[in-house]
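Trainee: Starting off with a structure, shown below.
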Amino acid sequence: MTKHQMISCLIVDDESIAREIIATHLSKIKNIHVIASCSNALEAFNHISNQNIDLVFLDINMPEISGISFAKSINSNIKVIFTTAYRDYAVEGFELKAVDYLLKPISFERLKKALDTYFDIYGNVTNSKTSTHDISEFMFVRSDRKMIKIDYRSIYYIESYSDYLKIHLEHQTIVTRETISAIEAKLPKRLFMRIHRSYIISINHIKSFTNEHITINNQTLPISRSYKKEVLKQLEKF
């Protein structure tokens, strides 16, 4: 494998949000080319038949043809990183010699670690394993029937209301139908912190904090008991 060779990937998952999260993460990594994002195994088979695929990010629990069955049926030269919301499949996944096994929601850091494992085993694409693009400082979210680009540094905090979120920016609030765990997986940990089951805050926009609350843009948000220890530990580093 040469230094500049691209790795051709497929994303296969019946959940559109899960596909979007992986695609967003992969867009930040050099030498990775996503050939297609597929909602089922049959669609993925068509791409494998017609194109050279190196790596598949594969959901295990899919209708009709499961990820396990799909992995058993493809050429062993195509490597697999399993993705799933269920720990129970881990043993079977590794028996199929999967590169890694990622539990949802998948963070960028965890996905990058899986790709580093792939490059360690099958050849180093760059001298420093996976390299991130400096320009990847944004994400897209679906709101009002369109995809909206949001710069990470423009976000003050994110508020969860059951099955939808409010993303609070300086001069506007964007509403999107997504879970807080899914959005948390998209966000870089160096910039954001989960402080409550209903709140993610921007570290850069913190004005003040106590053991119980964090103030951002004149809005005081609670630190929940379950997140308190980790939040205060992180804040003490600054």
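The values are calculated or read from the model by the stated rules, or taken from the named source; none is laboratory data. Note that the structure is a prediction, hence the values are computed from the model and not measured. Because the Cβ atoms are built from the backbone with ideal geometry, glycine has one as well, and the counts that use them run over all protein chains shown.
Trainee: hydroxyl-bearing (Ser, Thr, Tyr), modelled with pLDDT of 85 or more, under 25 Å from residue 29 (Cα atoms) and in a strand (DSSP E or B): does that describe residue 83?
Mentor: Answer is yes for this residue.
Trainee: Now, a different point. Can you tell me which residue is nearest to residue 84 (Cα to Cα) among those in region 176-192 that are outside any strand (DSSP E or B) and among the hydroxyl-bearing types (Ser, Thr, Tyr)?
Mentor: 181
Trainee: Let me ask you something else. Can you name the residue in region 34-46 that is under 23 Å from the mean Cα position of the chain (by Cα) and outside any loop (DSSP other than H, G, I, E, B) and, of all such residues, is farthest from residue 111 (Cα to Cα)?
Mentor: Looking at residues that are under 23 Å from the mean Cα position of the chain (by Cα) and outside any loop (DSSP other than H, G, I, E, B), I get 43.
Trainee: Let me ask something else about it. Is it the case that residue 176 is closer than 25 Å to residue 23 by Cβ, β-branched (Val, Ile, Thr), outside the structural domain of residue 15 (by TED's automatic domain parsing) and in contact with a strand residue (DSSP E or B) (Cβ under 8 Å, 6 or more places away or on another chain)? Quick ask: steps written out before the conclusion?
Mentor: Values: closer than 25 Å to residue 23 by Cβ: yes; β-branched (Val, Ile, Thr): yes; outside the structural domain of residue 15 (by TED's automatic domain parsing): yes; in contact with a strand residue (DSSP E or B) (Cβ under 8 Å, 6 or more places away or on another chain): yes.
So residue 176 passes the test.
A quick yes/no check of all residues on (1) touching a Pro at 6+ places or on another chain (Cβ under 7 Å); (2) modelled with pLDDT of 90 or more; (3) aliphatic (A, V, I, L, M):
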{"position": "12", "(1), (2), (3)": "no, yes, yes"}
{"position": "19", "(1), (2), (3)": "no, yes, no"}
{"position": "23", "(1), (2), (3)": "no, yes, yes"}
{"position": "26", "(1), (2), (3)": "no, yes, yes"}
{"position": "61", "(1), (2), (3)": "no, no, no"}
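Trainee: Which count do you get for residues in region 1-20 that are over 19 Å from residue 98 (Cβ atoms) and crowded, with 20+ Cβ neighbours inside 10 Å?
Mentor: 1
Trainee: Got a sec? Which of 195, 214, 200 is part of a strand (DSSP E or B), over 21 Å from the mean Cα position of the chain (by Cα), crowded, with 18+ Cβ neighbours inside 10 Å and at pLDDT 95 or above?
Mentor: On the way: 195 fails: over 21 Å from the mean Cα position of the chain (by Cα); 200 fails: over 21 Å from the mean Cα position of the chain (by Cα).
Step by step, each of 195, 214, 200 is checked, and only 214 is part of a strand (DSSP E or B), over 21 Å from the mean Cα position of the chain (by Cα), crowded, with 18+ Cβ neighbours inside 10 Å and at pLDDT 95 or above.
Trainee: Another question about this same structure. So is residue 22 part of a loop (DSSP other than H, G, I, E, B) and either assigned by TED's automatic domain parsing to the domain that holds residue 77 or touching a Phe, Trp or Tyr at 6+ places or on another chain (Cβ under 6 Å) (or both) or not?
Mentor: No.
Trainee: Restricting to region 4-62, name every residue that is among the aromatic types (Phe, Trp, Tyr) and touching a strand residue (DSSP E or B) at 6+ places or on another chain (Cβ under 6 Å).
Mentor: 57
Trainee: For residue 33, work out the one condition from (1) of a type outside the set (Ser, Thr, Tyr); (2) surrounded by 15 or more Cβ atoms within 10 Å (Cβ to Cβ); (3) modelled with pLDDT of 90 or more it doesn't fulfil.
Mentor: Going through (1) of a type outside the set (Ser, Thr, Tyr); (2) surrounded by 15 or more Cβ atoms within 10 Å (Cβ to Cβ); (3) modelled with pLDDT of 90 or more one by one, residue 33 breaks only (2).
Trainee: Among all residue pairs at least 6 apart or on different chains, which show Cβ distances below 6 Å where the first residue, located in region 39-55, is of a type in the set (D, E, K, R) and the second is surrounded by 13 or more Cβ atoms within 10 Å (Cβ to Cβ)?
Mentor: Within 6 Å, the pairs are 54/7; 54/8.
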